[in-house]
Amino acid sequence: MAKILVYVFLIVITLLNLFPVVVMIFTSLKGNDELISGAFSLLPHDWHFENYLKAMESGKWGLYFKNSLIVTLVVTAGSLLFNTLAGYTFARIRFRGSTIIFVCLLAGMMVPAQSIVVPQFIIMKSIPLFGNNDIWGQGGTGWLNTYYALIIPALSGSIGIFMARQFFSGFPKDLDEAGYMDGLGYFGTYLRIFLPLSGPLMATLGILKIVSVWNEFFQPLIFTNTESMRTIQLALSLFKGEFTIQYNLLMAATVLVSLPMLAAFLLFQKQFVGSIVSSGVKG
């Protein structure tokens, strides 16, 4: 009986989470007249599959997808390298001040990203010799309206380093000793021994970073203001007019924007679940 109640509870929770997605999909297939009528119905009275074509014709969506794809792939690859390297260092190498540095890192997890966006903006704008800046970082725009502003600040993060440290802490010391005996050194041990064993960790960090960067709205809004650097999340605002919002086209574009994230999760689902299970066993 208890098992049945658990299944019922999980089904209810699943349905509650899926309902907004279902509403989004059906809304994307409704006509504008039906939406502004004020009468709610889950299923469309008339099915407008052409909404998806209209949504993609509303702007340069090929460019927007390209920008988001470049930023997401570069940030994900870079963050996997930096986060796992830092996590390996904190977990396997003892050096003076490591505990204090790690505590400061954990404290950084409590700082909202919005609270540091102004210093980040000033830094991006003041990069010397970029964007018509002089050697003192004055007179131009620096890295604003470039891929650098969207990529560099997102390359690492406290949560990723913390997860990598916890993962690498679960391995026995024998692996380090074997690497040192073979003359690999710290980086060689990380590259030749620990990195091949960190598939579940890489999948988990990769999925979390991909979703985070792909859905990022705030930083592209602050660091860019040209169409050539517009990402898909900023492009969704194209359907908001001065007085009205084209909800059917907005929902159609949102469905298409969500498909790459769904594909990424389905592709790495096995590794993602495996990382959670292995972390539970080691912890």
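The values are calculated or read from the model by the stated rules, or taken from the named source; none is laboratory data. Since this is a predicted model, take the numbers as computed values, not measurements. Positions of Cβ are backbone-derived with ideal geometry, glycine not excepted, and every protein chain shown enters the neighbour counts. The area values use the complete protein model at the heavy-atom level, side chains included, leaving out ligands, DNA and RNA. Shrake-Rupley method; radii C 1.70, N 1.55, O 1.52, S 1.80 Å.
The residues of the range 229-253 that are of a type in the set (S, T, N, Q) and open to solvent by 70 Å² or more (accessible area, probe 1.4 Å), listed by number, are T244, Q246. When Q271 is tested against (1) over 30 Å from P196 (Cα atoms); (2) modelled with pLDDT under 80; (3) surrounded by 12 or more Cβ atoms within 10 Å (Cβ to Cβ), just one condition goes unmet, and that condition is (1). Considering the range 136-156, the residues that are assigned to a loop (DSSP other than H, G, I, E, B) and within 19 Å of N83 (Cα to Cα) include one that is most open to solvent (accessible area, probe 1.4 Å), namely S156. Across the range 71-88, the qualifying residues are those that are over 13 Å from the mean Cα position of the chain (by Cα) and surrounded by fewer than 24 Cβ atoms within 10 Å (Cβ to Cβ), and the one among them that is farthest from F102 (Cα to Cα) is L81.
In the range 52-68, the residues that are over 15 Å from Q233 (Cβ atoms) form Cβ pairs under 9 Å with partners that are open to solvent by less than 60 Å² (accessible area, probe 1.4 Å) and of a type in the set (S, T, Y), at six or more places apart or across chains, as follows: Y52/S28. Checked against the criteria, I159 counts as under 30 Å from F265 (Cβ atoms), open to solvent by 40 Å² or more (accessible area, probe 1.4 Å) and out of contact with any helix residue (DSSP H, G or I) (no Cβ under 6 Å at 6 or more places or on another chain). Contact map, the range 175-203: residues that are without any contact (Cβ under 8 Å) to a residue 12 or more places away in the chain paired with residues that are outside any helix (DSSP H, G or I) and open to solvent by 10 Å² or more (accessible area, probe 1.4 Å), Cβ distance under 9 Å, separation 6+ or inter-chain. Pairs shown: G188/D182; L191/L184. Annotation: of all residues in the range 112-135 being part of a loop (DSSP other than H, G, I, E, B) and open to solvent by 70 Å² or more (accessible area, probe 1.4 Å), the one that is nearest to G157 (Cα to Cα) is P112. Inside the range 83-135, residues that are touching a Pro at 6+ places or on another chain (Cβ under 9 Å) and under 16 Å from S169 (Cβ atoms) make up a count of 0. The residues listed here are N133, N145; of these, the one that is among the polar types (S, T, N, Q), under 28 Å from L73 (Cβ atoms) and in contact (Cβ under 8 Å) with a residue 40 or more places away in the chain is N145.
Please tell me if L208 is crowded, with 17+ Cβ neighbours inside 10 Å, under 30 Å from F49 (Cα atoms) and aliphatic (A, V, I, L, M).
Values: crowded, with 17+ Cβ neighbours inside 10 Å: yes; under 30 Å from F49 (Cα atoms): no; aliphatic (A, V, I, L, M): yes.
Against the criterion (crowded, with 17+ Cβ neighbours inside 10 Å, under 30 Å from F49 (Cα atoms) and aliphatic (A, V, I, L, M)), L208 does not qualify.
Checked against the criterion of being open to solvent by 70 Å² or more (accessible area, probe 1.4 Å), charged (D, E, K, R) and under 19 Å from I245 (Cα atoms), the candidates D46, D33 yield just one match: D33.
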